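This report concerns only the one structure given below.
The values are calculated or read from the model by the stated rules, or taken from the named source; none is laboratory data. The structure displayed is predicted, hence computed values, not measured ones. Every residue, glycine among them, receives a Cβ derived from its backbone with ideal geometry; neighbour counts consider all protein chains shown. Each accessible area value is taken on the protein alone, full model and side chains, heavy atoms only, with ligands, DNA and RNA left out. Shrake-Rupley method; radii C 1.70, N 1.55, O 1.52, S 1.80 Å.
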Amino acid sequence: MKYVDEYRDPAPVHAVIAQIRATVTRQWVLMEVCGGQTHNIIRHGIDQLLPPELELVHGPGCPVCVTPLELIDQALAIAGRPEVIFCSFGDMLRVPGSDTNLFRVKAEGGDVRVLYSPLDALEIAQQNPDREVVFFGVGFETTAPANAMAILQAHRLNITNFSVLVSHVRVPPAINALLSTPAIRVQAFLAAGHVCAVMGYWEYHPLAERFGVPIVVTGFEPLDIVRGILMAVQQLETGRTQVENAYVRTVTEAGNTPAQQVIEQVFQECDRKWRGIGEIPGSGWCVRPDFASFDAALRFDTGQITAHESPLCHAGEVLQGLLKPYQCPAFGTDCTPRTPLGAPMVSAEGACAAYHNYGRFDPTTSDK
Amino acid sequence: MIERELLDFDNWSCPLPLRDNPTVVMGHGGGGQLSADLIKYLFLPAFDNPVLAQMGDAAVVTPGGPNGPRLAISTDSFTVTPLFFPGGDIGKLAVHGTVNDVAMVGARPLFLSVGFILEEGMPLDDLVRIAASMAAACRQAGVTIITGDTKVVDKGHGDGLYVNTTGIGLLATGLDISAGRARPGDVVIVSGDIGVHGIAILSIREGLQFETVVESDTAALHGLVAEMLDVTPDIHCLRDPTRGGLAAALNEIAAASSVGIELDETAVPVPPAVHAACEMLGLDPFYIANEGKLIAILPAEHAEAVLARMRAHPLGLRAAMVGTVKEAHPGMVVARTGIGGRRIVDMLVGEQLPRIC
């Protein structure tokens, strides 16, 4: 497949890994921010090919993982209402709320549908004028333009039975919050390429300057990831702390301006709670008052929701890079993809699930 | 209600899935761990008997005593939506699916029963087309439908049509093909491109459009199996990787044989359209359903001859050797990735869920 296969070709990947080995002189800790990168690092076994001096910690960039429990409970309450068709990306269906998940809401009669685009939800709303169609708008800056566009379209077409339960989060405030944590061990960041494809990387310069960390915009295929790691290591070894772009085929400094304008038109910055981490000021987007009628959080009265997390789950420490998934006492025992206690065990992009599904196997004992 | 004492709590992680899901969820039918649990912890204890315990694609019985003919019997229900899809329809699928299950123990399929559950309001024209398609599939496969049943449910209580088929076949002497017979040193062969049926259904169901229409690979495989057995009767395992795909079938074999399986990811034939669809949707082709492919596990010394014969058969043109059976990591399937890393190819919990981004 074009634009994919050439970035999975072993020869160039190994050439870059050789360069990384030649560059590294001491221990470094890097964080890949995006769950998609975590998934591919484990799926392709990239971590096993890196020199032992490099430690990758997996960041909070999994939208499924960081969506706050209160919001999931709110989604579950809305999805269970008889007049509602609740539309969501597939990942969100198995995420545990306080008591249940969307799969079970569906099994108990809720009309829950898996979609690939919020614009499909608009079509469903048009076909079902007597029902309330709600789209679960989770995600980082990557999914925000489509969700904003769906709201704009609904507004233009005067579709009144459509709303979005918005839980958008933004990467730069999260990096800022992580770097402000005293316990942080991370010395360089691989920024999420697809987020930067939308937003550009102009927002990251002040972070690199203020905290003195290299930030490298990185793509998702094996060659992209090892290139990002190489550029970060080169900066670390030479004492530079800049924002660099290792994903030039997709990302520009300014990003996708029309997409940013759509976001700006529909959403405004707000404080957002991150599951397992806590509230991060200015880290979210919510619907502007002009479009309040499309905000499912205002449209449906779900009463007071008090969420309770499992005390066994250490997702917060995992998402901050303080704990490797397998260091959590519940990992693989009380908490498995079948019986997830926390969201990182649910999504394919979640660090715990990635470790459980792909990494449980010890490569050193396999050559019998 | 099932008695708690019947459940085997070994190897379970708490909280228990059955208790965790007080009702049936879609994942129980997904061919992953939830399906396996339902069988292992609910149905097997209830129906407990040695034939069922074989847990093959088909059961093998000798009703005439040890010297009588060996019969292979299998049943399967079909609930596919839409009823018609590129490359086939529910009727053709119901014939091929059961024929293949019977063929996967090495038997020659002979007879089918068919049960139709019709939804009130279903166009009879559609039923005519499906019956004709089933008849054609039977003629081509050399099997006969010898008994059947029809029920009608109220509108809204079915998806147009559900079909159940049961197949009976004759098993030649000297064959012992089962999931528990994989041995270290054996090789793993797949008969061709994987993931085609699942992507064909998904693309029509979700309205996804690719440059070419992906057609289901639905086909009856007993002819191919006969060719393979003609090369050597010493084939250890056969599976048609339907729901849950290659990953589920290989995990079942690894568990039943207590062996490890190592796949060479780049050797597995994945056609470009399936590859592209999976990349777009964040799916893994190893978990996508097939309806006209088989996995064979056999001693390495027969591999080249069997592969050559498979490639001479229209259903095995793209057959490939994709892995080996190992003593290490018993019960686990591991893939060597394109860039030389390794990953576990686990069984899915329920259905494969498309990723957000």
For this session: May I ask you to derive the relative contact order of chain A, considering only C-alpha pairs under 8 Å and at least 6 residues apart, and to give it as an integer percent?
Result: 22
Seminar exercise, completed: If each part is reduced to its alpha-carbon centroid, region A:266-339 and region B:85-112 end up apart, in Å, by 47
Problem set entry | Distance from region B:269-334 to region A:182-212 (C-alpha centre basis), Å | 42
Problem set entry | region A:121-222: radius of gyration and largest Cα-Cα distance (Dmax), Å | 18.2, 55
Exercise. Using alpha carbons only, how many degrees (0 to 90, rounded to 10) separate the axis of helix A:10-23 from the longest principal axis of chain A?
Worked result: 60
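If you take the square roots of the eigenvalues of the alpha-carbon gyration tensor of region B:179-344 and sort them as a ≥ b ≥ c, do you get rounded (a/c under 1.5), prolate (a/b over b/c) or oblate?
Numbers: a/c = 1.97, a/b = 1.32, b/c = 1.49.
Verdict is oblate for region B:179-344.
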Problem set entry | Ordering of B:27-34, A:223-230 by burial proxy (mean other Cβ atoms within 10 Å per residue, highest first) | A:223-230, B:27-34
Problem set entry | Note, ³J(HN,Hα) from phi for region B:269-279, Karplus 6.51, -1.76, 1.60, rounded to Hz, x at Gly and Pro | x, 10, x, x, 5, 5, 4, 5, 4, 5, 4
Problem set entry | Loop-located GluC sites (Glu not before Pro) in region A:19-59 whose Cβ has at most 12 other Cβ within 10 Å (DSSP) | none
Exercise. Taking only protein heavy atoms and a 1.4 Å probe, what accessible area per residue, in Å², does region B:179-344 have with all protein chains in place?
Worked result: 34
For this session: Compare B:Glu301, A:Glu317, B:Glu120 by solvent-accessible area with a 1.4 Å probe and give them largest first, with all protein chains kept in place.
Result: B:Glu301, B:Glu120, A:Glu317
Seminar exercise, completed: Log entry: pair-distance distribution for region B:107-148, C-alpha pairs binned every 5 Å from zero, whole % per bin is 6, 19, 26, 23, 14, 8, 3, 1
Exercise. Under a point-charge model restricted to the Cβ atoms of Lys and Arg (+1) and Asp and Glu (-1), what is the dipole moment magnitude of chain B relative to its Cα centre, in debye to the nearest 20?
Worked result: 400
Problem set entry | Straight-distance crosslink candidates among aspartates and glutamates, where the alpha carbon sits under 13 Å from B:Lys40 and sequence neighbours closer than 8 are dropped | B:Asp8, B:Asp10, B:Asp48, B:Glu252
Exercise. Within 10 Å of each Cβ of A:90-96, how many other protein chain Cβ atoms are there on average?
Worked result: 4
For this session: Sort by residue number and name the cysteines in chain A that have no neighbouring cysteine Cβ under 4.7 Å.
Result: A:Cys34, A:Cys87, A:Cys196, A:Cys313, A:Cys328, A:Cys335, A:Cys352
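Report the trypsin sites (Lys or Arg not before Pro) located in region B:98-201 that are in a DSSP loop and have at most 12 other Cβ atoms inside 10 Å of their Cβ, or state none.
In loop regions of region B:98-201 (DSSP not H, G, I, E or B), the sparsely surrounded trypsin sites (Lys or Arg not before Pro) are B:Lys155.
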Problem set entry | Subset of A:Lys106/B:Lys92; B:Lys293/B:Lys326; B:Lys92/B:Lys155; A:Lys106/B:Lys293; B:Lys151/B:Lys293 violating a 27 Å alpha-carbon distance limit | A:Lys106/B:Lys92; A:Lys106/B:Lys293; B:Lys151/B:Lys293
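Return the average number of partner chain Cβ atoms within 10 angstrom of each residue Cβ along peptide A:45-51.
4
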Problem set entry | Gyration tensor (alpha-carbon) shape descriptor, region A:55-130, a/c threshold 1.5 | oblate
Exercise. Just how large is the dipole of region B:62-171 about the Cα centre, in debye to the nearest 20, putting +1 at every Lys and Arg Cβ and -1 at every Asp and Glu Cβ?
Worked result: 520
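With the convex hull built on the Cα atoms of chain B, state its orientation-averaged projected area in nm². Don't skip to the answer; put the middle values down first.
Details: hull surface 77.9 nm².
That works out to 19.5 nm², a quarter of the Cα hull's surface.
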Exercise. Shape of region B:181-238 from its Cα gyration tensor (a ≥ b ≥ c, root eigenvalues): rounded if a/c is under 1.5, otherwise prolate when a/b > b/c, or oblate?
Worked result: prolate
For this session: For region B:164-175, take each phi angle, set θ = phi - 60°, evaluate the Karplus expression 6.51 cos²θ - 1.76 cosθ + 1.60, and give the result in whole Hz per residue in order, putting x for glycine and proline.
Result: 10, 10, 10, x, 10, x, 9, 10, 5, 6, x, 9
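Would you kindly calculate the translational diffusion coefficient of the protein assembly as shown, applying Stokes-Einstein with the Kirkwood radius from alpha carbon pairs, for 4 °C and a viscosity of 1.567 mPa s, and quote it in µm² s⁻¹ without decimals?
Working: Rh = 27.1 Å.
Answer from the Stokes-Einstein relation: 48 µm²/s.
Rounded to the nearest 100 Å², what is the sum over both chains of accessible area buried where B meets A, with a probe of 1.4 Å?
Buried: approximately 4300 Å² between A and B.
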